[in-house]
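Structure record follows, encoded as structure tokens.
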Amino acid sequence: MREDVLDPDRAAAAGSAFGQLAGRLPAGGLLLASSRLVEIGARATVLLAPGLFRLDLTPQEETLGVLTRPLTRDPVRWQADQSAWDGYRDAGGGLVPLELRGRFELADGPLTVAVRVLSLADSDAGAVHFAARAELR
Amino acid sequence: MRRVTFRLPAAEKEDLLDALMPLLPAGVRERPLGDGRVELATLAPPARELLEAATGRPLEDWVEETVPADWRVRRARFGGGAYVVGGRLHVRSPWDPPAADGQIDLVLERAGGGFGSGSHPTTRMSLALLLDLAPAGGAADLGCGLGTLAIAAARLGWAPVVGVDRMGGAVAAARTNGARNGVDVEWRETDLESAPVPLAELLLVNAPPPVHARVADALADASLPHAIVASGLVAAELPAAAVRYAAAGWTVAAALEEEGWTAVRLERDGA
């Protein structure tokens, strides 16, 4: 189970349509990375860990909808770093990442996920650039 | 640009999106239809056959059309950026279709780093609480951002109305929005951390906790305001703000909460 969800080939194939990259972390685990340009009001997948979770973002003008969709029946708990909540609409600029931490209780042991998402709104384009990465260990 | 819409049973939507979302380069826009189904719109999707193979079922009411690439043109046709508050206030960008008959149409362009276009729960809740009040004199929008609350107050009959913000870009945007909506509002660049707090019969304070502390301190022994709509607070921040207002003789009379944010209407003790 754990080996399946940490398989880079499986993750890259699942996210190939939106250009997701996947690789092994040097100290063990899986790295997912993607970048997406999402129009205001549209919901788009920015990270996909098959068999574990999908991260969908819905940018609005002043808010960001965040959905962590579980793709497993195993228990999971997500936490957001509250200090990063305002990063999306920080009028002073500065790229403050959205940070999420998850913990999956898999049958063969716990697996932790650390997600970071940088966003850059382009109001003329009516869209937001997202650069996202997840480390699964 | 190719735009496609199709419909899914609402009860199965999320399960079907598990198969569809990774395949849709532009993501989806959702529109509940009220008949137990949801309409999904997307741009430049892969072939229908591929999506139906992924979901294992036909995608109902599949409609394809060619639409302009420019998002403003598409927004004008399909909407998607407007909010209706209390059935009376229609808050939209200049690129969204106008309000239905009978609604007050507020047109706001986001610019200058200003806040309050209506997409945030604090703005919508503040507007909802504002609608509960009958106009009775002047209003001051403290931390006005794009000017949404001040413009709404003016459209609802409050006068005179002043809007202040510490960000010059926001004040400029509010001034433009005020002119766009044909209201008479005095806009000022003011830092409420140091400048005197403008008082009026109604205070609209959609701002972070330090502004509420400053406003509450300014209320002691003041004959104005007669009502306060306060927001910009996450729910956990409300008790501290309420204590500060209570020390000045103000009590929470109504509260709304949405997505972890809160907005309250305050009235004088014993009112």
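What follows is calculated from the coordinates using simple rules that are stated; it is not laboratory data. Because the structure is a prediction, the values reported are computed rather than measured. When we count neighbours, we look across all protein chains shown, and the Cβ atoms used for this are built from the backbone with ideal geometry, even at glycine.
Here are a few things to note about the model shown:
- Debye log10 I(q)/I(0) at q = 0.08, 0.09, 0.13 Å⁻¹ for the protein assembly as shown, Cα point scatterers: -0.50, -0.62, -1.12
- Positive-end residue of B:LEU127, B:LEU89, B:ALA100, charge dipole of chain B with Cβ unit charges: B:ALA100
- Phi-based couplings in Hz for the range A:16-30 (Karplus 6.51, -1.76, 1.60; Gly and Pro marked x): 5, 5, 10, x, 5, 9, 9, x, 7, 7, x, 8, x, x, 10
- Summed over qualifying helices (DSSP H, 4 residues or more, each -39500 (n - 2.57)) and divided by its residue number, chain B shows a 222 nm mean residue ellipticity of -8500 deg cm²/dmol.
- Scoring B:228-239, A:118-129 by mean Cβ neighbours within 10 Å over their residues and listing the highest first yields B:228-239, A:118-129.
- Relative contact order, percent, chain A [alpha-carbon distance under 8 Å, six or more residues apart]: 24
- Peptides ranked, highest mean first, by Cβ atoms within 10 Å: ranges B:130-141, B:1-12: B:130-141, B:1-12
- Prolate/oblate/rounded label for the range B:2-67 (Cα gyration tensor, a/c 1.5): oblate
- Taking label points 7 Å from Cα along the Cα-to-Cβ direction, A:ARG2 and B:GLU267 give a separation of 6.0 nm.
- Rounded to 5, percent antiparallel among DSSP beta bridges of the range B:115-268: 45
- For residues of A:59-65, the mean tally of beta carbons on other chains within 10 Å: 6
- Here chain A is assigned +1 on the Cβ of each Lys and Arg and -1 on the Cβ of each Asp and Glu. Its dipole about the Cα centre then comes out at about 380 debye.
- Rounded, prolate or oblate (a/c below 1.5 giving rounded, otherwise prolate when a/b exceeds b/c) for the range A:2-136 by Cα gyration tensor: prolate
- Since only B:SER117, B:LEU17, B:VAL264 are under comparison, the one whose Cα sits farthest along the positive direction of the charge dipole of the protein assembly as shown, derived from C-beta charges on Lys, Arg, Asp and Glu, is B:LEU17.
- Unit charges on C-beta of K, R, D, E only; dipole of the protein assembly as shown, Debye: 480
- Shielding of peptide A:114-127 by partners, expressed as the average count of other chain Cβ atoms within 10 Å per residue Cβ, is 1.
- Per-residue mean of foreign Cβ neighbours for A:34-43 is 5 (Cβ atoms of other chains, 10 Å radius).
- Protection proxy ranking of B:157-164, A:105-112, A:34-41, B:200-207 - average other beta-carbon atoms within 10 Å, highest first: B:200-207, B:157-164, A:34-41, A:105-112
- Dipole orientation for chain A: of the candidates A:GLY19, A:PRO70, A:ALA44, A:PRO70 has the Cα lying most toward the positive pole (charges on Cβ; Lys, Arg +1; Asp, Glu -1).
- Residue among B:THR42, B:THR123, B:THR190 with the largest mean-square fluctuation in a Gaussian network model of chain B, springs linking Cα atoms under 10 Å: B:THR42
- Alpha carbon centroid spacing (whole Å) that separates the range A:20-82 from the range B:1-37: 18
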